[in-house]
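Here's the structure we're looking at; comments come further down.
The values are calculated or read from the model by the stated rules, or taken from the named source; none is laboratory data. Small disclaimer: the values here were computed from a predicted structure and weren't measured. Cβ atoms come from the backbone with ideal geometry, glycine included; neighbour counts cover every protein chain shown. Quick note on the areas: whole protein, heavy atoms, side chains included, nothing else; ligands and nucleic acids left out. Shrake-Rupley method; radii C 1.70, N 1.55, O 1.52, S 1.80 Å.
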Amino acid sequence: MTPRSLPCSRAALSLTFAAVALGCVGEVRTPKGVPQPPGVEVDPCAGVPAAPSTAELKRLTVTALTAAVTALTGVGPDAYAASLPALPAPNAFDSERANRGASLQYTLGLFDAAERIGRAAVATPAAQARLLGCTLADGPCGLDGARREANTRAFIARLLAAAYRRAPTAEEVDELWATQASVEADPYEGAGRVVQAVVQSPSFLFVVERGEASAERDDALLLVPDALLERLALALWGELPDASLRARATGWELGTASGVRAAADEMLDDPRANAHVERMVGQWFRLAQLPGLSRTQALFPTLDAELKRSMQTEALALFDGALERGAAFTEAYTARRAVIDDRLAAHYGLAPVGPGFRSVELGGHPTRGGLFATAGFLSVSNGNRDHSNVVKRGNAVRQLVLCDDVPPAPPNAEAMGGGEGDLHARPDCAACHVRMDPIGKGLEGYDAVGAEQAHAGPTLGRVVGRDGFEFSAGPGLGAEAARSSQAHACVVKQVWRWSMGVRDTDAQRCSVEGLRATFVAQGLSLRALVLAFVASDTFRFVLPESP
Amino acid sequence: MSTPRLSRRTLLRGAGAAVALPFLEAMAPRSARAQAAQAAPRFITFFIPNGFHAPLWTPPEATAAGVTTFTTTRWLQTLLTPDAGLPDLALTDLNALSGLRGTGDFDPAFNDSHGAGTVNFSTAAPGDRYRGAYGKSVDIVARDFFKARGALDTPRDSLAVAVQNFESPDWFRHYYASWAGKFQPAPTFSDPVRLYQELFAASGAAQGSADALRRTLARRKSVLDFVRSDVTRLNAQLGASDRVRLDAHLHGVRELERRLMAMSPNLCGPPPMNPYSQPSQYDAWGRYSRKAELQVELFAYAFTCDLTRFGSFLYFGGGETGGPDEGFLSQRWPQEDWQQHNQAHAIAPGQHRDGDVHYDVMNAFTAEHLKWFRVLLKKLKAATAPSGKSLLDESLVYLGSEMGYGPTHSLESFPALLAGKAGGALTGGRAFDFENRQHLGNLHVSLLQKLGVTSPRMEQDTPTSTRTLYDTPLPAL
């Protein structure tokens, strides 16, 4: 196997290079097979090419599905979203949940949703005109009378081409014509029936990824341009490519890493990319759960829907500009300003800011500043407890900031009783609690809804482990997380999971490490990370499918 | 006019020296024919968490052989409480069981009794923590028996409903009472809106003429025909692992088709309660009771209108239930973590008695759980089966829990209640105490036997080297 180019320029390092180079801080990189002097650490990932991904049949996420339905039919999600069942696994991205396959419950819900979409698509003359592409009163595409068959077939062919992202077959057109003609006397209700069938058919709902042999690698297939474009659009925008993107893509070199990188660079300037990043951080840090936050009303009388929305707005605003060139992702962790309204100002004990949301400078405020000091994060990380909970918060930081897979507590954990000393002494409890509780202690200065609370004793938090650190309150945690290599790797993993809908595997460890090195070398730029990822072999290549 | 029966001699006389004769349906013994024509019975499992404190449940007179004269303990009395507009239950509608055993987790390092117990309730084995049951639950075993014999002709094979407020993959075993197979939970509806849609979307508008319904069914079938064709076309282009993913979608399509085929104009109109108009009353924390009311209403409807014959109802095992907004929790109690499970474990030793706040709160939940179970039974009792008897008499309802008594975490002394007469196969009005000499699996076998399942057995493909198997019923039931 010939050496592959890697995102971090390890290949440029020589044996004598024992110090810092391009962000490979404190590590010595030695090409494979080259003897190294005693006492020198060998980088196990040196010379290891980025691992390809697998080409899996992927179901559209709800975001992609609703965007595609709107583009095809003009029907917005309000008409049918209630039919789609919420999928379990609140700690997974919705791209991961979609990739777990179609449960029976989902298929049944989709059936109902499709019926509503079909009805809505032809509910009014305006909707019919939008669907069929002309003003029906005098337009050439009307379905009445003698024109019905020819124009319906033409409509079916156009709909299928757009929905299936390929040219339809004559068999498919014939079958859909027969489907609606046999049961609908009214031609426009027939068109609605066609829509109903198409939006629940697997050729629309699933993305098939195809690769072809390439001179670049002999162990994997290069995604064909259409498949790569779909992967890019879903990863960067959360949607399937629309007609405009497909038109632009004809001028892109999607067969090369540099071509993919250039295409992605253009796409990241689109507002849809920022919206997709907002969805990602909303799910990642559980901010999307804020509207459903539950607390005992009598204990938290000011916690209403409006305050929850404000919390969410403040936390998400920290990631505005995350895709800008030169911006560091971890600025959200260390920000010394906050975007708040009067409700949050009162919640934090700050001076009123006036109408709407304003950016407020926090200076050296000891307990406010950055994501981990926001009421939003502090609330969702506390679970559904009415009192601050060191275990819940510690667990949240472990999972969400450090990507530690902490085993879940058994439901009878509380029955075991005992205070911290007991939990840290018992062998069946200590392994987890010594990793979680000290973190939560550092956030004990905040109550269950992120307001400050009086707390006896020190609130110094501690992350144990090889890259451990101590911190004080939310800003302190943010500062340390911004420096932590484990937290950097966690950003890489989360971007990977979000984009691909699957977790990185052990076999892809070196790929993750390579991306982490690039992320650090590029000043913790999310944009640089994303561009490096989509240009990597992991994104562009797939393993051959088993027959 | 009676149907003449042919004898083999008659046939031989007429056909000469024929050696092999066709098996004519008319020649089959009457009992076998009757069994072949028997429609599926009605069977419901109903799970409530944290068991019962024995003094509040087990009559002191109860024995393994069963007694008909016994003290009506607190929880039995709760079931006999009148409800306005519904018929009263009688002790003869019920059988109270105590002293059954379960099986703990196969990994001794793993101690999640609640999860293990929840799966024991319906499968007689603990299941895998993250993947669930090792095999079918008792309701699904029964359902599949009758389905295989063509005796299931309702729009739905079965219906699984739950009352819970959130899900976590960590507590997977706690969420399901029905298991379609190993590691396969049955689709379970925990949202009244979705349950309402499920019951009415598949059946079409229950209002309107039969002709309108036939047109609706025809339309839906034509759509599914196309979807199925598309699945077949796409399948031909995929590799092995992708075909497996697509199979799940195809399974859903086939299930939809089957339901449409089984549909007939539904004489029941939709219930007056419509959860679409009331989401704020149940979709937030602290609306546990209201959600239970809606779920029981719809669940009962599915049986009284013969939309299904098999179902399970589960209250999430002592999980998050909300705050003192709940009407059934007294405002006098201190406002703290309102979770039955946590309250159960907060009871200090020696304080398991009325007056202890944790004990009282734990029991307030049990009373609430039993209240909605009681309402379900009464709705069945109020409905009339085609036989002319009450639907409850024609049904078998199994109430159970995940352990004997929540604070103990013991997988012994499981309580159970059987309601209904299973069409005459079960006599009511008895109390049993099996003193932990019988396993839940034996109870499940008894249930299957009462339902008419031949060679009943509960079999689970567990991590141990032998399959867990129960094929012996409770001796005295």
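Structural remarks
- Meets criteria (of a type in the set (D, E, K, R) and farther than 20 Å from A:P52 by Cα) for A:R466: yes
- Pair list, Cβ under 6 Å, 6 or more apart: the stretch B:359-374 residue assigned by TED's automatic domain parsing to the domain that holds B:H345 and within 12 Å of B:V296 (Cβ to Cβ), other residue open to solvent by 20 Å² or more (accessible area, probe 1.4 Å) and at pLDDT below 90: B:E368/B:F328
- Scanning the stretch B:377-408 for residues that are surrounded by fewer than 20 Cβ atoms within 10 Å (Cβ to Cβ), in contact with a Lys or Arg (Cβ under 9 Å, 6 or more places away or on another chain) and assigned to a strand (DSSP E or B) yields one hit, B:S390.
- The helices (runs of 4 or more DSSP H) falling completely within the stretch A:416-520 that include 1 or more residues that are at negative phi and at pLDDT 80 or above map to A:427-441, A:473-483, A:485-500.
- Filter pass, A:E216 being more than 10 Å from every other protein chain (Cβ to nearest Cβ), of a type outside the set (S, T, N, Q), under 30 Å from A:G255 (Cβ atoms) and open to solvent by 50 Å² or more (accessible area, probe 1.4 Å): yes
- Only residues that are open to solvent by 30 Å² or more (accessible area, probe 1.4 Å) and in contact with a helix residue (DSSP H, G or I) (Cβ under 7 Å, 6 or more places away or on another chain) were counted in the stretch A:434-452, giving 3.
- Residue tally, condition assigned to a helix (DSSP H, G or I) and either over 22 Å from A:A161 (Cα atoms) or touching a Cys at 6+ places or on another chain (Cβ under 6 Å) (or both), over the stretch A:240-285: 25
- Tally of residues being in a helix (DSSP H, G or I), within 14 Å of chain B (Cβ to nearest Cβ) and among the polar types (S, T, N, Q) across the stretch A:287-319: 1
- Yes/no for A:L240 being modelled with pLDDT of 90 or more and in contact with a helix residue (DSSP H, G or I) (Cβ under 7 Å, 6 or more places away or on another chain): yes
- All positions within the stretch B:213-255 that are charged (D, E, K, R) and either more than 15 Å from A:L176 (Cα to Cα) or more than 9 Å from chain A (Cβ to nearest Cβ) (or both): B:R214, B:R215, B:R228, B:D242, B:R243, B:R245, B:D247, B:R254, B:E255
- Residue that is farthest from B:F146 (Cα to Cα) [pool: residues in the stretch B:409-458 that are open to solvent by 10 Å² or more (accessible area, probe 1.4 Å) and part of a helix (DSSP H, G or I)]: B:N442
- Any hit, the stretch A:524-535, residues being open to solvent by 10 Å² or more (accessible area, probe 1.4 Å) and on the phi > 0 side of the Ramachandran plot: yes
- Yes/no for A:E189 being without any contact (Cβ under 8 Å) to a residue 24 or more places away in the chain, within 11 Å of chain B (Cβ to nearest Cβ) and farther than 26 Å from A:P52 by Cα: no
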